[in-house]
1. List the residue pairs whose Cβ atoms are under 6 Å apart, where the first residue sits in segment 57-85 and is touching a residue at least 24 places away in the same chain (Cβ under 8 Å), the second is in a helix (DSSP H, G or I) and within 16 Å of the ligand (Cβ to nearest atom), and the two are 6 or more positions apart or on different chains.
2. Quick check on residue 286: is it crowded, with 17+ Cβ neighbours inside 10 Å, outside any loop (DSSP other than H, G, I, E, B) and without any contact (Cβ under 8 Å) to a residue 40 or more places away in the chain?
3. Given segment 26-143, what helices (runs of 4 or more DSSP H) lie entirely inside it while holding 3 or more residues that are within 30 Å of residue 2 (Cβ to Cβ)?
4. Could you name every one of the helices (runs of 4 or more DSSP H) located completely within segment 298-369 that has at least 1 residues being touching a residue at least 24 places away in the same chain (Cβ under 8 Å) and closer than 19 Å to residue 223 by Cβ?
5. Please verify whether residue 39 is farther than 26 Å from residue 248 by Cβ, more than 9 Å from the ligand (Cβ to nearest atom) and either touching a residue at least 40 places away in the same chain (Cβ under 8 Å) or in contact with a helix residue (DSSP H, G or I) (Cβ under 6 Å, 6 or more places away or on another chain) (or both), treating the condition exactly as stated.
6. What is the number of the single condition among (1) farther than 24 Å from residue 133 by Cβ; (2) touching a strand residue (DSSP E or B) at 6+ places or on another chain (Cβ under 6 Å) that residue 157 does not meet?
7. Count, please, the residues in segment 19-31 that happen to be surrounded by fewer than 16 Cβ atoms within 10 Å (Cβ to Cβ) and more than 19 Å from the chain's Cα centre (by Cα).
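The values are calculated or read from the model by the stated rules, or taken from the named source; none is laboratory data. Every value quoted in this text rests on a predicted model; they were computed, and no experiment measured them. All Cβ positions, glycine included, derive from the backbone under ideal geometry; neighbour counts span all protein chains shown.
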Ligand code: SF4
């Protein structure tokens with residue numbers, strides 16, 4: 001994989017908040033022109049501060065980038081002109097099913113998008129409306145998939161959520177089957193996290209919505225996923241991601257391989273190989289900082305040796321290829337995890353098993369302690 005950086009753009013707009021979401025987004029769409037203007041400033045500042053190499057991947061996420069119309073998306077891409085995006089090999093855009101139409105699909109293809117990440121979340125109405133509070137129906141998702149596959153050159157990826165209130169492993173198996181039968185190139189599977197202070201957390205606290213299933217049941221869902229998707233040709237190439245061979249997300253692989261990436265837009269994160277930083281999570285504060293010539297940062301972290309090692313282990317253990325043996329010296333704890341079937345040592349590498357992938361973060365923390 002090349003060392004060229006990836007570029008992430010955060011589009012912080014949604015028509016309304018989903019009750020489980022804790023990503024930064026606002027519904028004040030009248031801020032879009034100010035956002036695009038500030039993005040141009042941020043891109044210019046980034047190009048002047050050393051991000052002058054060609055970017056290899058571009059990922060527009062959110063928020064809901066699919067709600068941008070031709071002017072919005074055209075303005076956004078124009079704002080990136082100070083950066084070298086002429087050699088982009090993979091250009092992903094996140095889309096909500098309700099925003100997909102033949103016209104939008106055409107616009108995205110003409111704009112150079114090669115990969116569409118569709119937020120289907122589930123093919124079961126029982127969770128889509130009451131629990132997730134999404135604006136789309138299952139029929140909308142199926143229609144969107146049909147439109148996106150209609151002769152356009154997209155690699156299609158579907159996002160799914162599991163571990164939802166009262167969901168059983170069989171329900172999750174059925175969701176996976178329906179996703180695979182829709183024939184995307186890539187499927188992402190995320191376990192539902194009930195974040196404190198979200199409307200979903202309040203609905204659960206007031207017993208309007210049942211609590212999520214116990215951890216063991218969620219673990220079962222994680223563990224049945226490779227078999228359910230494997231029979232359709234997908235393999236797990238990262239804790240939460242499955243692909244048909246050759247259709248892995250090149251942009252996201254940069255995150256896990258600790259390659260540099262630049263994030264622009266409110267709340268976007270960046271990594272230059274030695275430092276990590278995040279932008280202010282507010283359109284107004286982020287754009288005011290840029291207008292005054294200041295860096296719109298919420299924090300910057302200089303990584304010391306210990307932090308680098310933890311990252312190498314933590315990110316490496318999210319991938320079946322694992323890490324080089326040299327990163328973890330022999331220890332009793334390592335032996336325990338190997339004997340317990342969480343890790344395998346082979347060909348100079350330490351690789352997580354499926355059981356190990358399930359607790360990859362915990363393994364990394366304990367083994368680097
Ligand atoms: S569409 Fe996505 S980013 Fe927007 S509120 Fe819903 S979950 Fe959050």
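1. 66/99; 67/99; 72/32
2. It is false that residue 286 is crowded, with 17+ Cβ neighbours inside 10 Å, outside any loop (DSSP other than H, G, I, E, B) and without any contact (Cβ under 8 Å) to a residue 40 or more places away in the chain.
3. Details: elements: 32-48, 70-79, 102-110, 125-128.
Where helices (runs of 4 or more DSSP H) fall fully within segment 26-143 and carry at least 3 residues being within 30 Å of residue 2 (Cβ to Cβ), they are 32-48, 70-79, 102-110.
4. Hits in segment 298-369: 332-339, 354-358, 360-368.
5. So residue 39 fits the description; yes.
6. Result: residue 157 fails condition (1) only.
7. Selection size over segment 19-31: 4.
Conditions (1) within 21 Å of residue 54 (Cα to Cα); (2) more than 16 Å from the ligand (Cβ to nearest atom); (3) modelled with pLDDT under 95; (4) in contact with a helix residue (DSSP H, G or I) (Cβ under 9 Å, 6 or more places away or on another chain), marked per residue:
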residue: 66; (1), (2), (3), (4): no, no, no, yes
residue: 78; (1), (2), (3), (4): yes, yes, no, yes
residue: 84; (1), (2), (3), (4): yes, yes, no, yes
residue: 88; (1), (2), (3), (4): yes, yes, no, no
residue: 108; (1), (2), (3), (4): no, yes, no, yes
residue: 127; (1), (2), (3), (4): no, no, yes, yes
